[in-house]
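Since the structure comes first, as structure tokens, the remarks are kept for the end.
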Amino acid sequence: MSVGIWAGGGFVALLVAYMAALAVMTARGLPFPPHEPFLTTFHVIMLLAGLTMVPLWAAIHLAAPADRQVYTLISLTFVVLCAVCTCANRFVALTMVRQSPGLGRTAGLDWFQPYGWPSLTFTLELLGWGVFFSLACLFMAPAFQGRGIGAIFTVTGVFSLGGALGLFLDSTAIMGAVAPVAWGIGPAAAVVLVMIRLRSLPLATAAAAG
């Protein structure tokens, strides 16, 4: 379980770093989409966050009681899909998008702007965080009985799905409203509680107490 605890700690730290950088941008009155150095900072943070999610979810699945592993396995599958979308988007942004202007090849580059719209990679990111991450959270919730962790995963999943709805409706207002809970406070709180459970109790016991 130590791998899951370390991955969970890294995931939470990255979420906090992202929110802190966003708060600094807001305090300075800087525009969004972000410019350098915030742009590269956000890409690196999200790339690493996608990578840490997989071992964290895998640890939860392996610690889950047998009668709930069908939920954690489905959840893990959706988290892997979310991580693939996120990492692909951010890797493209850090390589092709970043280097293309210097190479004098900018034709069609707007389609690959991670914070632009319309953009293929922004759509891919919202598929990851608005659909796959939402389903990962909603399927993780039944692994924890009662309130507490399960409730936080449920709320996070519902808010995250609101991000996809905002994209369907072409509403940045909806996406902005759900973002703090869906991709910030919600997952950070859930993962902190999961880490505490993984550290102190088997998930079977933790889930019954969750």
key: Selection from the range 44-64 of residues that are within 26 Å of residue 95 (Cβ to Cβ) and not hydrophobic (A, V, I, L, M, F, W, C)   = 50, 52, 55
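Just wondering, is there one or more residues in the range 1-10 that are more than 30 Å from residue 196 (Cα to Cα) and either in a loop (DSSP other than H, G, I, E, B) or free of Cβ contacts under 8 Å to residues at least 12 places away in the same chain (or both)? Show your work before the answer.
Our first condition is that a residue be more than 30 Å from residue 196 (Cα to Cα); within the range 1-10, this holds for none.
No, that holds for no residue.
What number of residues within the range 110-147 are open to solvent by 30 Å² or more (accessible area, probe 1.4 Å), over 30 Å from residue 98 (Cβ atoms), in contact with a helix residue (DSSP H, G or I) (Cβ under 7 Å, 6 or more places away or on another chain) and modelled with pLDDT under 95?
From the range 110-147, those open to solvent by 30 Å² or more (accessible area, probe 1.4 Å) are 110-113, 115, 117-118, 120, 122-124, 127, 131-132, 135, 138-139, 142, 145-147; that's our starting set.
Checking which are over 30 Å from residue 98 (Cβ atoms) leaves us with 135, 138-139, 142, 145-147.
From what's left, in contact with a helix residue (DSSP H, G or I) (Cβ under 7 Å, 6 or more places away or on another chain): 135, 138-139, 142, 145.
Within this subset, residues satisfying the condition of being modelled with pLDDT under 95 are 142, 145.
Qualifying residue count, the range 110-147: 2.
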remark   = Flagged pairs (Cβ under 7 angstrom, 6 or more apart or on separate chains; first in the range 27-38, free of Cβ contacts under 8 Å to residues at least 24 places away in the same chain; second surrounded by 10 or more Cβ atoms within 10 Å (Cβ to Cβ)) are 38/21; 38/25
ask   = Among the residues of the range 148-176, which ones are over 24 Å from residue 69 (Cα atoms), open to solvent by less than 70 Å² (accessible area, probe 1.4 Å) and among the small types (Gly, Ala, Ser)?
value = 162, 163, 164, 166, 171, 176
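Considering 70, 54, 84, which residue is surrounded by fewer than 17 Cβ atoms within 10 Å (Cβ to Cβ), under 25 Å from residue 120 (Cβ atoms), modelled with pLDDT of 95 or more and among the β-branched types (Val, Ile, Thr)?
Numbers: 70 fails: under 25 Å from residue 120 (Cβ atoms); 54 fails: surrounded by fewer than 17 Cβ atoms within 10 Å (Cβ to Cβ).
From the options 70, 54, 84, the qualifying one is 84.
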task = Determine the pairs where a residue that is at positive phi, located within the range 126-150, has a partner that is open to solvent by less than 50 Å² (accessible area, probe 1.4 Å) with Cβ atoms under 8 Å apart, the partner being 6 or more residues away or on another chain.
result = 146/210; 148/210
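Evaluate the following for residue 14: is it of a type outside the set (Phe, Trp, Tyr), in contact with a helix residue (DSSP H, G or I) (Cβ under 9 Å, 6 or more places away or on another chain), touching a residue at least 60 places away in the same chain (Cβ under 8 Å) and part of a helix (DSSP H, G or I)? Give the derivation first.
On the way: of a type outside the set (Phe, Trp, Tyr): yes; in contact with a helix residue (DSSP H, G or I) (Cβ under 9 Å, 6 or more places away or on another chain): yes; touching a residue at least 60 places away in the same chain (Cβ under 8 Å): no; part of a helix (DSSP H, G or I): yes.
No: the conditions fail for residue 14.
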message = Quick test for you: out of 62, 30, pick the one residue that is aliphatic (A, V, I, L, M), at pLDDT below 90 and either under 22 Å from residue 184 (Cβ atoms) or open to solvent by 50 Å² or more (accessible area, probe 1.4 Å) (or both).
response = 30
key: Answer residue from the range 87-109, given it is hydrophobic (A, V, I, L, M, F, W, C) and open to solvent by 60 Å² or more (accessible area, probe 1.4 Å) and is farthest from the chain's Cα centre (by Cα) among those   = 103
Matching residues, the range 171-198, being free of Cβ contacts under 8 Å to residues at least 24 places away in the same chain and either closer than 17 Å to residue 75 by Cβ or not in a helix (DSSP H, G or I) (or both) = 171
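The values are calculated or read from the model by the stated rules, or taken from the named source; none is laboratory data. Model, not experiment: these values are computed from the prediction. Glycine gets a Cβ as well: all are built from the backbone with ideal geometry, and neighbour counts include every protein chain shown. These accessible areas exclude ligands, DNA and RNA; they are computed on the full protein's heavy atoms, side chains included. Shrake-Rupley method; radii C 1.70, N 1.55, O 1.52, S 1.80 Å.
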